[in-house]
Amino acid sequence: MSEHATLEINPRKTLVYRLVAGLLTFLSFVMYRPRVTGKENIPLVGPVLIAPIHRSNVDFAFTLFISPRKVFFMAKDSVFRVPILGTLLLHLGAFPIKRGTADRESMALAEEVLRRGHALVLFPEGTRKEGRSVAQLRDGAMFVAARTGATVVPVGVGGSEKAMPPGKKLPRPARIRIVVGEPIAPPSGEGRVARSAITAKSEELRVELERVYQQALDART
């Protein structure tokens, strides 16, 4: 049986989810003192693609408390082979993706999450990046939004690169500021959405993502 099939697309926050998410949230507040601006920009109903900046492996943890909704997200498949951790991630709403490949099964599951009207976290930059600027994005996030009709919400996370720098295995204390940007409508058009429309929306997302990221960085000073 495929490991993807073990994910239960269930928006209900189970007891295990509440315990694990509660522990991660508690540790995040102790270590990072996160301050969130713009929580109200994440729709409480309907399909929404939450698109955060990606500067650290701990970025996903900050998506657990920016909305009262349960969020689903993708994580690299290798972490699911770690005893206990893989099971806990599944309870948190994570499902594996194979990095560096066209993992159609993972993307199909991501689209299914949105088609059922849930919230999905997808890092539009793909892998972790460095620096204050946001380079040209791949069209993956907006392609998924076009196919599912999901609203896209950019999220800037300032300081996470200090919380767990590349190459480090353990997090360290840091000050985290999170800015949630205005929702962006998905690409649309008559019939199949044109590639040019998806690319244009990807650029709109890049501009907004850089804007909220700069705000999050400036809020730390």
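When the stretch 125-162 is limited to residues that are of a type in the set (A, V, I, L, M) and out of contact with any Gly (no Cβ under 9 Å at 6 or more places or on another chain), the one that is surrounded by the fewest Cβ atoms within 10 Å (Cβ to Cβ) turns out to be Ala135.
Of the helices (runs of 4 or more DSSP H) lying entirely inside the stretch 74-158, those containing at least 2 residues that are over 23 Å from Lys201 (Cβ atoms) are 85-92. Being touching a residue at least 12 places away in the same chain (Cβ under 8 Å), among the aliphatic types (A, V, I, L, M) and farther than 13 Å from Val58 by Cα: is that true of Val157 here? Here the answer is no, as Val157 does not meet what is asked.
Looking across the stretch 25-53, the residues that are buried (at least 18 other Cβ atoms within 10 Å of the Cβ), part of a loop (DSSP other than H, G, I, E, B) and not hydrophobic (A, V, I, L, M, F, W, C) come down to Pro34, Gly38, Pro47. When Ala145, Ala110 are checked against the criterion of being in contact (Cβ under 8 Å) with a residue 40 or more places away in the chain and under 22 Å from Ile42 (Cα atoms), Ala145 stands alone in meeting it.
Given the condition touching a residue at least 12 places away in the same chain (Cβ under 8 Å) and in a strand (DSSP E or B), answer yes or no: does some residue in the stretch 162-175 qualify? Taking every residue of the stretch 162-175 in turn, none turns out to be touching a residue at least 12 places away in the same chain (Cβ under 8 Å) and in a strand (DSSP E or B).
Yes/no matrix, rows are residues, columns are (1) buried (at least 18 other Cβ atoms within 10 Å of the Cβ); (2) more than 24 Å from Ala146 (Cβ to Cβ); (3) more than 15 Å from the chain's Cα centre (by Cα); (4) at pLDDT 85 or above:
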| position | (1), (2), (3), (4) |
| --- | --- |
| Arg69 | no, no, no, yes |
| Phe72 | yes, no, no, yes |
| Val82 | no, yes, yes, no |
| Phe95 | yes, no, no, no |
| Val113 | yes, no, no, yes |
| Arg116 | no, no, yes, yes |
| Ala119 | yes, no, no, yes |
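Of all residues in the stretch 176-193, those being without any contact (Cβ under 8 Å) to a residue 40 or more places away in the chain, assigned to a loop (DSSP other than H, G, I, E, B) and surrounded by 14 or more Cβ atoms within 10 Å (Cβ to Cβ) number 0.
Give me the residue from the stretch 127-159 that is of a type in the set (S, T, N, Q) and modelled with pLDDT under 90 and, out of that set, nearest to Gly189 (Cα to Cα). Checked the stretch 127-159; the qualifying residue nearest to Gly189 (Cα to Cα) is Gln136.
The values are calculated or read from the model by the stated rules, or taken from the named source; none is laboratory data. Quantities reported herein were computed from a predicted structural model and do not represent experimental measurements. Counting neighbours? That spans all protein chains shown, and the Cβs are built from the backbone with ideal geometry, glycine included.
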